[in-house]
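Report on the following structure.
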Amino acid sequence: MGILFIILWLACAFIYGGLAEWALHKHVLHGLGKNRTSMFSFHWHGHHKTCRRNKNKDIHYLRKPLPSPIKKELASLFLLVFAHIIFLFIQPYFFIGLVLYVMRYFYIHRKAHVDVEWGKKNIPWHYDHHMGPNQDANYGVTVQWPDKLFGTRVKYLEKKNGKV
């Protein structure tokens, strides 16, 4: 197997990861998560509420031991990886790419809510998702291309700062 083959499968995993991030965020965390009785309600009723109250900072990421919302996020990511375990045997480079994507996702998402200025600068669409008037937009957390593709990218921070 050549290096191009490996790169192709890693790229496929990152494309899949971006689409999955957008779809799960939109349909599961926002769709199902708005229902207080849903197991995903921690996202809308916890994470969003905390971010809105603290100018996009989520203090849960800083607490030790990890509080329940962060444990639920990590458990969800672990289950998501586990649900794709068959790819380890069918196409291991795709599976490795998915694992790397999930690790990257958690790192970037956490950093954006611990260091808000970093988040504004590096992933402004996620700041827009939490702090804009419409929290049902900008579902891409670490990438914005799915929002552009599906028409759910709404700029807020640039408008607020007079850049648009």
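What follows draws every value from the coordinates through simple rules; no lab data is involved. Remember, it's a predicted structure, so these values are computed and weren't measured experimentally. Cβ coordinates were reconstructed from backbone atoms using ideal geometry, including for glycine residues, and neighbour counts include every protein chain displayed.
Put a dot 7 Å past the Cα of ILE96, heading toward its Cβ, do the same for SER41, and the two dots end up 4.3 nm apart. Computed from phi, the 3J(HN,Hα) profile of the range 139-147 under the Karplus parametrisation 6.51, -1.76, 1.60 (θ = phi - 60°) reads 7, x, 8, 9, 9, 10, 4, x, 5 Hz, with x in place of Gly and Pro. For the range 35-43, backbone phi angles converted through the Karplus equation (6.51, -1.76, 1.60; θ = phi - 60°) give residue-by-residue couplings of 7, 4, 8, 6, 5, 9, 5, 4, 6 Hz, Gly and Pro being listed as x. Among the listed pairs LYS71/LYS111; LYS64/LYS155; LYS71/LYS121; LYS26/LYS71, a Cα-Cα separation exceeding 24 Å is found for LYS64/LYS155; LYS71/LYS121. Legend: calculated FRET efficiency, ASN54 to LEU88, from the Cβ-Cβ distance at R0 = 45 Å, rounded to 0.05, equals 0.70.
Among residues other than LYS55 with Cβ under 11 Å from its Cβ, the summed charge is +2 (Lys and Arg +1, Asp and Glu -1). Near the amide H of ILE123, within less than 5 Å, lie no amide hydrogens of residues on another chain or at least 5 residues away, with H placed in the peptide plane. Annotation note: trypsin sites (Lys or Arg not before Pro) in the range 44-96 located in DSSP loop regions with a Cβ neighbour count of at most 15 within 10 Å are LYS55, ARG63. The string of couplings for the range 46-58 from the Karplus curve (6.51, -1.76, 1.60, θ = phi - 60°) is x, 4, 5, 4, 4, 5, 5, 6, 10, 6, 5, 7, 10 Hz, one whole number per residue in order, with x for Gly and Pro.
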